[in-house]
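Data block below; observations after.
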Amino acid sequence: MHNAASGKVSLVAGPPVLFEIAWTLRSAYGQSRGKVLEVLSAIASMPGLRLVDADLVEEAITLARQSDQEFADAYIAVSSHEAGADEIATFNRRHFERMGVALAEL
């Protein structure tokens, strides 16, 4: 990681990597949502790491904190809004309602 922080190499990651980290921290290590979001935020700000959709990742972390919801759900909410969707179709209605997302009727 020292080479990345010094600019000698460039690391690139996308949201699926963060989804896996969040899931592993929650399910395998029993970490709280707050701790998971703290770790994701630290990863997102690592020198030498370029996150695909970095702005959406930060927005999703903020939404997840504000609504006390999982990062992956918050990322879906902010990315669908960014894509211009008026509603989200999901079976996970309760979590998305807590984020103030308009839901499509299924």
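Laboratory data are not the source of any read-out in this text; all were calculated from the coordinates shown. What you are looking at is a predicted structure, and each value in this text was computed from that prediction instead of being measured. Please note: Cβ atoms are built from the backbone with ideal geometry, for glycine as well, and neighbour counts cover all protein chains shown.
At a glance:
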read-out	value
Total residues in the range 58-78, condition of a type in the set (A, V, I, L, M) and in contact (Cβ under 8 Å) with a residue 60 or more places away in the chain	0
Positions within the range 15-38 being over 15 Å from residue 74 (Cβ atoms) and either outside any loop (DSSP other than H, G, I, E, B) or of a type in the set (S, T, N, Q) (or both), in sequence order	17, 20, 24, 25, 27, 31, 32, 35
Members of the range 48-82 that are within 16 Å of the chain's Cα centre (by Cα) and either on the phi > 0 side of the Ramachandran plot or part of a loop (DSSP other than H, G, I, E, B) (or both)	52, 53, 68, 69, 70
Odd one out for residue 49 among (1) of a type outside the set (Ser, Thr, Tyr); (2) buried (at least 16 other Cβ atoms within 10 Å of the Cβ); (3) closer than 23 Å to residue 100 by Cα; (4) in contact (Cβ under 8 Å) with a residue 24 or more places away in the chain	(3)
